[in-house]
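First up is the structure itself, then whatever we jot down about it.
The numbers here are math on the coordinates, done by the rules we state, and not lab data. The shown structure was predicted, so the numbers you read here are calculated from the model rather than taken from an experiment.
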């Protein structure tokens, strides 16, 4: 198995506590192996024709590419934004023991036994 089956997912939100709780839910559901929540981050973006600046929280999660659609749907259903940022980039390498751990922690509970 190559590392391209793994992704790092970025999610932003207006509230660090809300985002931390969401990340805990995603890890508990085995849609992600872990998350790093960073707050505050300054976001500058264009929305409905105007440029805005806001303090947000940002999370980086590790997961499998084949879980990305489920993870995205989970976040979009619950997110307070009209168009939440849920993006992913492939993991192309790293500590093989860590990458194996990501796969193990995102496995279905039945197959993890």
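Per DSSP H run of n ≥ 4, the term is -39500 (n - 2.57); total these for the chain, divide by its residue number, and report the mean residue ellipticity at 222 nm rounded to 500 deg cm²/dmol. Write down the numbers at each step before the final one.
Details: 4 runs with 38 residues, N = 113.
Dividing the helical sum by the residues of the chain leaves -9500 deg cm²/dmol.
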- Message: To test your reading of the geometry: what angle, between 0 and 90 degrees and rounded to tens, separates the Cα axis of helix 16-28 from the longest principal axis of the chain?
- Response: 20
- Query: Anyone know which of 21, 66, 50 comes out most mobile in the 10 Å Cα GNM of the chain?
  - Reply: 50
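Please state the shape class of segment 61-113: rounded when a/c is under 1.5, otherwise prolate if a/b exceeds b/c and oblate if not, all from the C-alpha gyration tensor.
Details: a/c = 3.28, a/b = 1.61, b/c = 2.04.
It is oblate, given that a/c is not under 1.5 and a/b is not larger than b/c.
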- Item | C-alpha long axis of helix 96-105 to longest principal axis of the chain, angle in ° | 80
- Task: Please build a GNM for the chain, connecting alpha carbons under 10 Å apart, and tell me which residue among 47, 101, 18 fluctuates the most.
- Result: 47
- Item | Cα-based helix-to-principal-axis angle, 68-78 vs the chain, degrees rounded to 10 | 40
- Item | Highest-fluctuation residue, 42, 20, 12 considered, GNM on the chain with Cα pairs under 10 Å | 42
- Note on the structure: Options [x] 57; [y] 46; [z] 42 for percent of Cα pairs over 19 Å apart; the value derived from the coordinates is listed as [y]
